[in-house]
Amino acid sequence: MKKSVITTIILAALAASQAVLAAPALPGLTAQAHELAALPGGGWLSIDKTALRLLDANGKERAHFNVRAKHLDTRPLGKNVLAVFVDANKEEAIPLLVDVQGGTLTAQAPFPAPAFGIESACLYRDAQQLDHLYLIAKDGQAEQWVMQGDQRQQVRKLALPPHSKHCRADDSAHQLLVSEESAGLWAYNADAEGVPGREAVLLKRPFGTLEKGAGALAVLPGGVAVLDAKGKQLHLVRRDGGKWSTVSATDTGFKGPEQLAASLGADSKLQLAVGGEDAGWQLRTPAWSGTAAAAGDGKAIVMARAQTEPVARQGDAADDPAIWRNAADATGARILGTNKKQGLLVYDLQGKQLQLLEVGRLNNVDVRQDVTVGGRKLDLAVATQRDENSVMLFAIDAQGKVSTAGSFATGLKNIYGMCLYRPADGGLEAFINDKDGTFLQYRVESDGKAMTGKLLRRFKVDTQPEGCVVDDRNDRLFLGEERRGVWTVSAKGDVPAKLSMIMPVGPQLVADVEGMGIYHGDKADYLVVSSQGDNSYLIMDAKAPYKVRGSFRVGYNLAAGIDGTSETDGLEVSSANFGGPYSKGMLVIQDGYKRLPDGPQNFKYVAWEDVAKALNLE
């Protein structure tokens, strides 16, 4: 029995060795390459000591570009191919348009050279179909850039592992894969507007199966191929259900391969070119059954038309906006925004900061105009003040200038969100919530000297709320319980608070549930909710049965130099005519990560007309 087992093992090892030896060498000039990239139709892009070359399937040169190059990566671009490489002398990345049929190479405008030597570089194509480039330094410094035509704009800076000699992006999974030479392979969120994070794909022993850390890699449908740092073993790793598992680990069988290039043949079988300048190149066809992640999730993408100047504090500072309409001049509107490390900000429609009221840690803010308080007609903004667990009031004059108008205590321990209600009698009421789920409903009153709040009603949800909005026309309060969903209840303070869940957290609304706004259209009213967990915005009818009309994200407006939005805390929407692109109304969104380039948080302005067009709204 023992002899039989040993014999079986030896025969299997011999078979594997013969399979390695039988792997075909790549023909012609490909054998001289130190990097390769597969092209449609079986051709190659090749980098050697003196040039980048366009080769046919037989390794015969069709065109070349004289350069000492490194770090080649490609993406399909219509009938052509976009390639990017790094000029090793200038340390700058250069895009190249490859006409596969015509057999030509055309250099495009280079990216600005970073302030570091480039150890690795790779492309990423996002859901908006914009092409990004990652540049990584030996010490882990990294930059992400985006390109469109001749535009080259820095998206952000980020920190990656030191000695990251190889990177590739999986566009369908929105992941940046980085080989840390001495540790292993990591997967990062490639989307700059997404939540930062990383996960281990394959680590060095004893934590994983890699002998000496990670080397070259190639993205596969639903997974990745990676060499160990010495090129001795080729690992195929599959990602399924958010978990990584090794499919196979085989000896490469020849000395010193340092690079990988993957392609799918006409029969959809995986082909891997394994090799390098000193090792030569071999073509492998390992069995692979992985499936790429579904392309996109069907959410529309719109672009902001403008953005505010960044707030004056770093970190999680900007929180919630409100909109004040100038009755005499549509373009003279004001956007109010809270800075929870400083106070209240006031902007114009171009995003210029006009005022800063340093009144402490304000969280949520809301505005109602032409309300009657203490016998006077006023335009008022109201905000929650977290230092004192109080409610602050601000008067807004006819020109949009904001001034403090008083405050009153609430008795809450952790005051958080709020929203306003203008009942039919023209007065003003405020819903204030606490992190413990408590809601207090106040009537705002004044004796001519000071403003106060008269408590009308108290109710509670089970867990932490924040965002809320009132539909004044229909006397309905909509409130978000961050981890559970959207509730509605009568806004009238003299009736019992019977809450009804209208949209639970799930595939369409991803926790946290945050900012909310009501759009009153000519034919329909819509509830807008920030789905913070997937950086999107849900549109529902604001009347029963609360039909979902669609979701959208805010993407890059490169022409205007405006990034997308993410991790949105607060938003506001209005159907008023603000002129220009906002003649059908506007949506103001707090942006949790300011990119293009990095900076403190700010607020983005979206034309409602763009949202309506993207989602086919009435």
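What follows is calculated from the coordinates using simple rules that are stated; it is not laboratory data. Not measured: the values here are computed from a predicted model. Here the Cβ positions follow ideal geometry from the backbone for every residue, glycine too, while neighbour counts run over all protein chains shown.
Taking a ≥ b ≥ c as the square roots of the eigenvalues of the Cα gyration tensor, the stretch 530-614 is classed as oblate, since a/c reaches at least 1.5 and a/b does not exceed b/c.
To the nearest Å, what is the center-to-center distance of the stretch 379-435 and the stretch 117-187, using C-alpha atoms only? First find each Cα centre; the distance between them is then 45 Å. As a length-normalised measure over Cα pairs under 8 Å and 6 or more apart, the relative contact order of the chain settles at 8 percent.
Each principal axis of the stretch 161-296 carries a Cα extent, and these read 41, 38, 24 Å when sorted largest first.
Other residues whose C-beta falls under 9 angstrom from the C-beta of residue 592 contribute a net charge of -4, scoring Lys and Arg +1 and Asp and Glu -1. The packing ranking of peptides 60-72, 489-501, 469-481, highest mean first, is 469-481, 60-72, 489-501, where packing means the average number of other beta carbon atoms within 10 angstrom of each residue.
Counting only alpha carbon atoms, the long axis of helix 2-21 and the longest principal axis of the chain meet at about 90°. On a per residue basis, the convex hull of the C-alpha atoms belonging to the chain measures out at 183 Å³. Which shape class applies to the stretch 300-615: rounded if a/c is under 1.5, otherwise prolate when a/b exceeds b/c and oblate if not, where a ≥ b ≥ c are the square roots of the Cα gyration tensor eigenvalues? Rounded is the answer for the stretch 300-615, as its axis ratio a/c remains below 1.5. For the stretch 300-615, relative contact order (Cα pairs under 8 Å, six or more residues apart, normalised by length) works out to 17 percent. Using the average count of surrounding beta-carbon atoms within 10 Å as a protection proxy, the listed peptides 126-137, 509-520 rank, highest first, as 509-520, 126-137.
Its relative contact order, with pairs defined as Cα atoms under 8 Å and 6+ residues apart, puts the stretch 161-296 at 16 percent. Helix content alone sets the calculated 222 nm mean residue ellipticity of the chain: runs of n ≥ 4 DSSP H residues at -39500 (n - 2.57) each, divided across all residues, give -1500 deg cm²/dmol.
Give the shape of the stretch 70-136 as rounded, prolate or oblate, defined through the alpha-carbon gyration tensor: a ≥ b ≥ c are the square roots of its eigenvalues, a/c under 1.5 means rounded, and otherwise the shape is prolate if a/b is larger than b/c and oblate if not. The shape class here is oblate. The residues packed around residue 153, meaning those with a beta-carbon under 15 Å from its beta-carbon, carry a net charge of -2 if Lys and Arg are +1 and Asp and Glu are -1. Its alpha carbons give the stretch 355-471 an Rg and a Dmax of 13.4, 42 Å. Cβ crowding within 10 Å ranks 209, 463 as 463, 209, fewest other Cβ atoms first. Largest first, the three principal axis extents of the alpha carbons in the stretch 560-608 are 32, 23, 12 Å in whole numbers.
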